[in-house]
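To start, the structure itself, in structure tokens.
The values are calculated or read from the model by the stated rules, or taken from the named source; none is laboratory data. What you are looking at is a predicted structure, and each value in this text was computed from that prediction instead of being measured. Cβ placement follows ideal geometry from the backbone for every residue including glycine, while neighbour counts extend to all protein chains displayed.
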Amino acid sequence: MEHNQMTRICVVGAGPSGLTTIKTLLAAGLEVDCYELSPHIGGHWVIDNPSGRSSAYRSLRTNTTKRMSRFSDYEMPEDWDEFPSFDKVREWLEAYVDRFDFRKHIQTSTEIISAVPRPGGGWQVTLRAGDEAPVVRTYDAVIAASGSYWDPQQPAFTGRFNGDILHAQTYRDPHTPVDTSGANTIVCGIGNTGCEIACEISKSNAATVYLSARSGTWIMPKLVNGVAATKNLPMAHPTDPVPPELSRLPEAEREQKLTEQASETIRQTYGAQMKEFEMLGLPRAPHHPLLKRPSISQDLMDQMVSGRIHAKPDIDRLDGDHVIFTGGESVRADIIICATGYKLSYPYLSQDIANTQDNDLSLFCGIVSPAYHDLFFIGVSRPTGAFWPIAEAQAKFVAAILTKTYTLPPAAEIRQRAGPMLNRVAMNPVLYGLALREELERGRTRKRATS
């Protein structure tokens, strides 16, 4: 692929990852078309999105501070709350598009039906705008930025239930889409969403709230003494400097060292609280706090101590008006809300192109398909921090490939170095950003050697 003004890129999705990708590629002189299924930009942050793929609820706020969540060249207003609400995030994204004037490159209400590699490189993309007939367009590269929080992972319960079962994706407030007033409600899952929904309905008029957890995880507050727990945290944004004693280490060693340091700090700070959660009935959290991504909840401890939320183990089976948990305890229930996560899904790519059967993708540098070097994935990450600035760093990496200022390593090395992203433990945004910059420098060296 020769870089010139006619290099055409297809970006799928106009959520935060897609938007920073469009802006970055345009700044690099590339021709970009973005297709968004919804009538609106903003993705997950557009409540009641007509696409049916938004999981936003009315009390949703970011779990990372506005400083951690910002793009490198566009911050959130200083007078906004430390953890902006969903509508403020959408407002910020709309302003970002207008500030850098790239709305004309986004075609909304358009479905990508398929993206198929062409012999010799490039992609054949079939799309449908609204109710119009499908059309086919060709592109030099495809960038999948369509997100990983839209295809609900619903548990396959055994038995029959007389009440309502819904996934958290459809939850909007304690009264929508089902009214929890006076209802015995079970929330399955102790991730961020499960904790937040359980707390919200426990403060409403629900009769009883049960929080069902299959396994333990570390739970930390957003605020400590009224201040964001991460407000002054070093190495919170990919643009933050890396201490020399870490940057000099090989990539794997520095990640291990930082993870060990962070884990020890978490254990010392929140270890006593986790013992209290265990006494209240939640499963024991792993010794390693970053074995999986911790959950953030400001109110869960208070709601459990007050008796408004009752911890229960995993659901074993359903029996009419009752739910039986592992261990045999049975409770009467009216509603089950499954905050059980999402499947990684790219319906426009075949499984032999994007194999997501393990709910993950194996990618070079977390971005490049090891089989198709003109297929890129943006935003496939669950870091210990915000992933929007990570998406920006990934977009810059892609821009370097597409403008030929960086040369990929040989195909065999790409395959050897490819690895999973969503199940990667304790991915630090700053160390990941450093690793991308180091790989960019290696790629520039490869380019000079072959010029």
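Side notes on the structure shown:
- The residue that is modelled with the lowest pLDDT, counting only those in the range 335-386 that are in contact with a Pro (Cβ under 8 Å, 6 or more places away or on another chain) and among the hydrophobic types (A, V, I, L, M, F, W, C), is Ala386.
- Screening the candidates Gln268, Gln256 for the property of being more than 26 Å from the chain's Cα centre (by Cα), among the polar types (S, T, N, Q) and assigned to a helix (DSSP H, G or I) yields one hit, Gln268.
- Among (1) touching a residue at least 24 places away in the same chain (Cβ under 8 Å); (2) touching a Ser or Thr at 6+ places or on another chain (Cβ under 7 Å); (3) more than 18 Å from Phe277 (Cα to Cα), the one test that Gly191 misses: (3)
- Cβ-Cβ under 8 Å pairs, at least 6 apart or on other chains, the range 348-370 side over 21 Å from Gly121 (Cβ atoms), far side among the hydroxyl-bearing types (Ser, Thr, Tyr) and assigned to a loop (DSSP other than H, G, I, E, B): Thr356/Ser345; Thr356/Tyr346; Gly366/Ser381
- Highlighted here are the strands (runs of 3 or more DSSP E) found entirely within the range 121-190 that include at least 1 residues which are touching a helix residue (DSSP H, G or I) at 6+ places or on another chain (Cβ under 8 Å): 141-144, 184-188.
- In the range 204-214, the condition of being surrounded by 19 or more Cβ atoms within 10 Å (Cβ to Cβ), under 23 Å from Asp87 (Cβ atoms), under 22 Å from the mean Cα position of the chain (by Cα) and modelled with pLDDT of 95 or more is met by no residue.
- Filter result for the condition that a residue is of a type in the set (Val, Ile, Thr) and closer than 22 Å to Pro152 by Cβ, over Thr208, Thr185: Thr185
- Condition check for Leu408 on (1) within 17 Å of Pro370 (Cβ to Cβ); (2) part of a helix (DSSP H, G or I); (3) touching a residue at least 12 places away in the same chain (Cβ under 8 Å): one failure, at (2).
- Among the residues of the range 10-41, those that are crowded, with 24+ Cβ neighbours inside 10 Å, closer than 16 Å to Val398 by Cβ and of a type outside the set (Val, Ile, Thr) comprise Gly13, Pro16, Ser17, Gly18, Leu19, Leu25, Cys34.
- Those residues of the range 271-312 which are in contact with a Ser or Thr (Cβ under 6 Å, 6 or more places away or on another chain) and part of a helix (DSSP H, G or I), in sequence order: Gln303
- Taking the listed residues Arg137, Arg160, the one that is over 20 Å from the mean Cα position of the chain (by Cα), of a type in the set (Lys, Arg), surrounded by fewer than 16 Cβ atoms within 10 Å (Cβ to Cβ) and over 30 Å from Gly366 (Cα atoms) is Arg160, with no other qualifying.
- Condition met for Lys222 (touching a strand residue (DSSP E or B) at 6+ places or on another chain (Cβ under 8 Å) and not assigned by TED's automatic domain parsing to the domain that holds Ser59): yes
- From Ser114, Ser59, residue being surrounded by fewer than 21 Cβ atoms within 10 Å (Cβ to Cβ), polar (S, T, N, Q), in a loop (DSSP other than H, G, I, E, B) and modelled with pLDDT of 95 or more: Ser59
- Members of the range 191-208 that are within 25 Å of Asn49 (Cα to Cα) and in a helix (DSSP H, G or I): Asn192, Thr193, Gly194, Cys195, Glu196, Ile197, Ala198, Cys199, Glu200, Ile201
- Among the residues making up the range 75-111, those that are over 21 Å from Tyr346 (Cβ atoms), more than 21 Å from the chain's Cα centre (by Cα) and assigned to a loop (DSSP other than H, G, I, E, B) are Pro77, Glu78, Asp79, Trp80, Asp81, Phe100, Asp101, Phe102.
- Figure legend. Inter-residue proximity from the range 417-431: first residues modelled with pLDDT of 85 or more and surrounded by 23 or more Cβ atoms within 10 Å (Cβ to Cβ), second residues of a type in the set (A, V, I, L, M) and in a helix (DSSP H, G or I), beta-carbon distance below 6 Å, spacing 6+ or different chains. Indicated pairs: Pro429/Ile390.
- The set of residues in the range 311-344 being more than 12 Å from Val187 (Cβ to Cβ), among the charged types (D, E, K, R) and touching a residue at least 40 places away in the same chain (Cβ under 8 Å) consists of Asp314, Asp316, Arg317, Asp319, Asp321, Arg332, Asp334, Lys343.
- Subset of the range 370-384 (residues that are surrounded by fewer than 23 Cβ atoms within 10 Å (Cβ to Cβ) and small (Gly, Ala, Ser)): Ala371, Ser381
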